[in-house]
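The values are calculated or read from the model by the stated rules, or taken from the named source; none is laboratory data. Being a predicted model, the structure only gives us computed values, none of them experimental. Cβ coordinates were reconstructed from backbone atoms using ideal geometry, including for glycine residues, and neighbour counts include every protein chain displayed.
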Amino acid sequence: MDVCSLTIHELHEWLVRKDLSATEAVRAYLDRIEELDSGLNCYITLMADEAMAEARAFDNGERDINASPLAGIPLAIKDVICTKGARTTCGSRILENFIPPYDGTVTRLLKSAGAIFLGKANMDEFAMGSSTENSAFGPTRNPWNPSRVPGGSSGGSAAAVAADLCAGSLGTDTGGSIRQPASFCGVVGFKPTYGRVSRYGLVAFASSLDQIGPITKDVEDAALLLQIIAGYDHRDSTCVNQPVPDYRASLNKSIKGLRFGVPREYFIEGMHPDISACVHKAMAVCRDLGAELVEVSLPHTDYGVAAYYIIAPAEASSNLARYDGVKYGLRVPDTRDLMGMYRQSRSQGFGAEVKRRIMLGTYVLSAGYYDAYYRKASQVRSLIRGDFLQAFEQCDALIAPVAPMPAFTIGEKTDDPLQMYLSDVFTLPASLAGIPGLSLPCGLSSEGLPVGLQILGPHFGEELVLRVAYQLEKALGMQGKKPPLR
Amino acid sequence: MAEKISREEVRHVAQLARLELAEAEEVRMTVQMNQILEYMDKLNELDTRDIPPTTHAIQLQNVFRDDSAGPSIDRELALDNAPQSDGTSFIVPKII
């Protein structure tokens, strides 16, 4: 069996039994990256030397391989999360040479649990995009078909897991950026509740929406990674101080008797027939497992795209004001004045989509337009949030598609930003409501592309979402299905 | 169909956002922003008169802490990423 295809919990057993040393594990991944990543472009920056040094510390006894389920486990981390001393670009020219002087909280937690970072994963610039085509370092390709996008914005994180170029990874989700690429790449992606995981050291895109979460080969690994990164952190004032349950403890509990809501607005005309077929198959599996399915309505679903693409750019335009060519990042000298330096640095440093969102955000927040756009969108956000709260009075969890189509072709939507935005229709509402959502592989399209099932739970319902996903994963038989690489 | 945003307004917003758009970029931005803003009109189908806005998805309260000094990043490290510095300060173009 190929070492690189092991899940985190399997690799942990190999390491503990000494079937494999930590350096052998890291070496196996680095060799595979060397072989495959020139074609896939999952990584922006490799951390090969640091990774080998970390691994040696386990092999020579300085660190204990039994200390944690993550000890000696090689991971990828999205390049929007700060890693002390290792370049963090956010997929942008403006941060091409940025070396963070500190670790983000999730970075610190993973490191102290013994995880080894192989490198920084490719992404849409500042996490703005649904295809990873907006990276200043070139697009990532989908391991299942290199002419297709891996989804985005955490496309590098998802493709690296799917192609066995890491044991697991972290992504971030602002409007679907963990769930959609996980769905396109046939892996598990989990966006926790807003406030469950600290964002200290996560470069901000839209602060009322951003959340960090795991992308993994199976549900147990997602539970295991979330266990390490979840919890209160005084450095992030939006982080919620609530106990973290043992996520793996209840995975084995049956889902018999649970009620799953199927939102009627998520089965729209124009949805790809293979998505519909795969999701209906998964619904039948739910019934076989003894769960009850009830139709529910989330009446404001159709307004999610418009609300999100006002709120997220508004917050982004404010967050990205910090890139001024003074403290860090690109500076383009201008002979005129300070204003010229700002404008030149930002115009040359940011790509087209980032500029578009800064422009939209600046416009909707500007005098005379604030009420018509930003305030209106924030009110609609209340309606969308209310839809979910009502639905969860009738059911324990919701099941739905992740995206209306499987992975699309590279270049297909790049000239039409609105079409790209509309592809996020099924992931944006949960982000606006702040609820947890998981993408679980549930089948393959007729063209052999993965299809994901979205499982949504109430606020802080991570334990339930993981349990439902774990039980369905066993029954769906998609586990271990790998893209046809090599 | 009435234009949502004119090229002059796009230029003004770019100025507010500290961006400088090349001519072709400005033309394309105007077309795309018009398409996107027109789509946003969809929100006006909803009557939101009595709906309070949501700014955060979960209930957040003010987070207080003691006003006490703690360790912070040291100067050398903070200046490491500066495009221009003299070792003690960030250097910027003349402002006044």
- Query: Exactly one of (1) within 28 Å of residue A:312 (Cβ to Cβ); (2) in contact with a strand residue (DSSP E or B) (Cβ under 8 Å, 6 or more places away or on another chain); (3) not in a helix (DSSP H, G or I) is unmet by residue A:130. Its number?
  - Reply: (2)
- Message: Among (1) at the interface with another protein chain (Cβ under 8 Å from one of its Cβ atoms); (2) within 20 Å of residue A:365 (Cα to Cα); (3) acidic (Asp, Glu), there is one condition residue B:38 misses while meeting the rest; what is its number?
- Response: (1)
- Task: Tell me which of these residue B:94 doesn't satisfy, since it passes every other one: (1) within 7 Å of chain A (Cβ to nearest Cβ); (2) in contact with a helix residue (DSSP H, G or I) (Cβ under 8 Å, 6 or more places away or on another chain).
- Result: (1)
- Can you find even one residue in the stretch B:60-77 that is within 9 Å of chain A (Cβ to nearest Cβ), without any contact (Cβ under 8 Å) to a residue 12 or more places away in the chain and small (Gly, Ala, Ser)? no
- Item | Considering residues of the stretch A:291-340 that are touching a residue at least 12 places away in the same chain (Cβ under 8 Å), among the hydrophobic types (A, V, I, L, M, F, W, C) and within 10 Å of chain B (Cβ to nearest Cβ) only, the residue nearest to residue A:127 (Cα to Cα) | A:320
- Query: Among (1) over 23 Å from residue A:51 (Cα atoms); (2) in contact with a helix residue (DSSP H, G or I) (Cβ under 6 Å, 6 or more places away or on another chain); (3) more than 13 Å from every other protein chain (Cβ to nearest Cβ), where does residue A:175 come up short?
  - Reply: (3)
- Are any residues in the stretch A:206-232 acidic (Asp, Glu) and either assigned to a loop (DSSP other than H, G, I, E, B) or modelled with pLDDT under 95 (or both), and if so, which ones? A:210, A:218
- Query: When the stretch B:42-59 is examined, which residues are found to be more than 7 Å from chain A (Cβ to nearest Cβ) and more than 26 Å from the chain's Cα centre (by Cα)?
  - Reply: B:45, B:47, B:49, B:50
- Message: When the residues of the stretch A:341-384 are narrowed to those that are farther than 23 Å from residue A:127 by Cα and facing chain B (nearest Cβ under 7 Å), which ends up surrounded by the most Cβ atoms within 10 Å (Cβ to Cβ)?
- Response: A:380
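I need the full set of residues from the stretch A:387-426 which are within 18 Å of residue B:42 (Cβ to Cβ) and within 14 Å of chain B (Cβ to nearest Cβ), in order please.
A:387, A:416, A:417, A:418, A:419, A:420, A:421, A:422, A:423, A:424, A:425 - these are the residues of the stretch A:387-426 that are within 18 Å of residue B:42 (Cβ to Cβ) and within 14 Å of chain B (Cβ to nearest Cβ).
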- Note on the structure: Over the stretch A:1-33, the set of residues farther than 19 Å from residue A:69 by Cα and within 24 Å of the chain's Cα centre (by Cα) is A:30, A:32, A:33
- Task: Please specify each residue of the stretch A:58-109 satisfying the condition of being charged (D, E, K, R) and either modelled with pLDDT under 95 or assigned to a loop (DSSP other than H, G, I, E, B) (or both).
- Result: A:62, A:63, A:64, A:79, A:84, A:87, A:96, A:103
